[in-house]
Each structure stands twice: as structure tokens, then as C-alpha cells.
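The next block holds one structure in the form of C-alpha cells; read it before the comments.
The values are calculated or read from the model by the stated rules, or taken from the named source; none is laboratory data. Remember, it's a predicted structure, so these values are computed and weren't measured experimentally. No Cβ is skipped: glycine too gets one built from the backbone with ideal geometry, and neighbour counts run over all protein chains shown. The area values use the complete protein model at the heavy-atom level, side chains included, leaving out ligands, DNA and RNA. Shrake-Rupley method; radii C 1.70, N 1.55, O 1.52, S 1.80 Å.
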Amino acid sequence: MNKLKSYKAICLDMDGTVYRGNEVIPEASVFINSFQGKDIDIYYVTNNSSMTAERFQAKLLRMGIHASTDQIMTSSIAAATYCKQHFEGAKVMMIGEEGLEQALRSEGFVITDENPDVVVVGIDRNITYEKLSNAALSIRNGAHFIATNGDKAFPTERGLVPGNGSFVKLLETATDREATIVGKPEPYMLEFIRQRGYSKEDMVMIGDNYDTDIQAGIRFGIDTIHVSGGVTDRATVLKKDMQPTYLFDSLTDWK
Ligand SMILES: [Mg+2]
């Protein structure tokens, strides 16, 4: 198990891996705090596009976890980075919330409702027919079509409600175009972390969801650790063709 100690960048899913709702997972907290003062960087990697890095930072701090905003990689930050690398200076139409708006503005994008070069779609809990129509018309007029993530549903106290992926599918149906999806299981977020000065051998992706976290790591070509207790149970993981590098009951299995 010495291999575990040689990673330089630990990429951690948040919901179901570090916390559940507003409750920190105690083993995760012990795990994260054990890296204090060591030359190992932790990154928090989430498909949640609604919140800014500052909000995630504050949420983690309420759980006793100190993180800088640079350590937080949301699908909104990744979408803005993707746009910066592919469409610098473009006019962007956005469906989304505070997290996406701030990420796009901080990469210097002008957000417009008319004639965009790019349409970026993230979760928007105030979505309307008008917003969807404007996006569909722009995509039909040739705008690039980018989505923060493809999650079809996400959990709330009431149960599973429509996620961004459901609206992306609606727009794909309406436009006969396919979105470029930036979030997990696509490997973009991990690639943008790698670009900060790591090699793939330095990196490990840890998460509870096989279809997003583990798949992202496998597709990117880095080691992966599945942690039980979240979305995918171990029995389900064991049936998959592509196995994670390690299977943990909890993050205190890290030795
Ligand atoms: Mg998770």
C-alpha cells in the first residue's frame, strides 16, 4: 500500500465522499486533516455547477475542513476553463446560477442574451421556456453547445429532482446537436488539475459514484479509489468490467 503515499494530487469527490448533505463524513475529515503540512495537494472535484468556489470553501470550513478556492474544481469552473482554452474572447450565453456566472466572468467572458458564440448550460433552478428557447435558437444558429455536467437527477430532501443533464437532453432534442459535457465522467476537470503541474502518475481520483467519479479517473488514465457508503455499493462496482485501482470501506483505509 506504499503506492498511496506517492501521489501528489488527491482529487476528492465531495457529496457522498467528504460529506452527506450538510454532515461531514468523520473518516473523510480525519483523512483530509492527515495531509496538513504535507507536500500533497487535495482537490475537491464536483459536478455541482450552482455554487461558487467561495461557497464550497465556506461549506467545507463549517465542517472543519480548510481549503483554498484554488483547491475547488466545480463543473462551472471547468466549463469556464474549457471555454477559455477553446473560445477565448467569445460572447457567451448562459443558463445557470451564481457558480457558472462567476466562473465565466472571472475568465473574462462577456455574458449576452443575443447572438452568442457559445451557449453554456448549467443547472438553473429558475429555468424558463424563454431561456430554453433562446439557447435552442442560438445553438441552431451555430453557437457552440457546452454543458457543465450531464447528471440527469440529483438528490434533495424530497428525493431525486431533475438535474442539468435533463435540460441538456431537452436542448439536444430540440436542436439535433450534441452538447460537449465538461463534468464527470468526462475527464476535463482532472485534466485542468493536471495542467497545474502534475503528471497522471501523481494523481488519484476518489469517489463514491462509479459512473461519474471512477469513470472519470479511468477515462483520464489515473488511479482511482472507490469509497463505499455513497451512490454505488461495492457489489455493483465489483460487477463492472473496469475496476477501480482500490476499493475502500472508508477513507481511513488509506494507509
Ligand atoms: Mg459523490
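Quick one: which of A174, A136, A143 is touching an Asp or Glu at 6+ places or on another chain (Cβ under 9 Å) and either assigned by TED's automatic domain parsing to the domain that holds H226 or modelled with pLDDT of 95 or more (or both)? Being touching an Asp or Glu at 6+ places or on another chain (Cβ under 9 Å) and either assigned by TED's automatic domain parsing to the domain that holds H226 or modelled with pLDDT of 95 or more (or both) holds for just one of A174, A136, A143, which is A143. Picking from residues in segment 137-170 that are crowded, with 23+ Cβ neighbours inside 10 Å and touching a residue at least 60 places away in the same chain (Cβ under 8 Å), the one that is farthest from the chain's Cα centre (by Cα) is I146. Whenever a residue of segment 218-236 is closer than 18 Å to V24 by Cβ, its partners that are among the basic types (K, R), lying with C-beta atoms within less than 9 angstrom and at least six residues away or across chains, give the pairs S228/R234; G229/R20; G230/R20.
Taking residues in segment 196-217 that are within 20 Å of M14 (Cα to Cα) and outside the structural domain of I42 (by TED's automatic domain parsing), and partners anywhere that are in a loop (DSSP other than H, G, I, E, B) and more than 10 Å from the ligand (Cβ to nearest atom), not one pair has Cβ atoms closer than 6 Å while being at least 6 places apart or on different chains. Being within 15 Å of the ligand (Cβ to nearest atom) and modelled with pLDDT of 95 or more: is that true of T46 here? It is true that T46 is within 15 Å of the ligand (Cβ to nearest atom) and modelled with pLDDT of 95 or more.
When the residues of segment 54-83 are narrowed to those that are open to solvent by 10 Å² or more (accessible area, probe 1.4 Å) and aliphatic (A, V, I, L, M), which ends up nearest to R196 (Cα to Cα)? Here the answer is I77.
For segment 208-231, filtering for residues that are in contact with a helix residue (DSSP H, G or I) (Cβ under 8 Å, 6 or more places away or on another chain) and closer than 19 Å to G163 by Cα leaves 3.
For segment 141-148, indicate whether the set of residues that are outside any helix (DSSP H, G or I), under 24 Å from M51 (Cα atoms) and within 16 Å of the ligand (Cβ to nearest atom) is non-empty. Scanning segment 141-148, I find at least one residue that is outside any helix (DSSP H, G or I), under 24 Å from M51 (Cα atoms) and within 16 Å of the ligand (Cβ to nearest atom), so the answer is yes.
Restricting segment 13-27 to residues that are under 17 Å from A58 (Cα atoms) and within 12 Å of the ligand (Cβ to nearest atom) leaves a set whose member that is surrounded by the fewest Cβ atoms within 10 Å (Cβ to Cβ) is G21.
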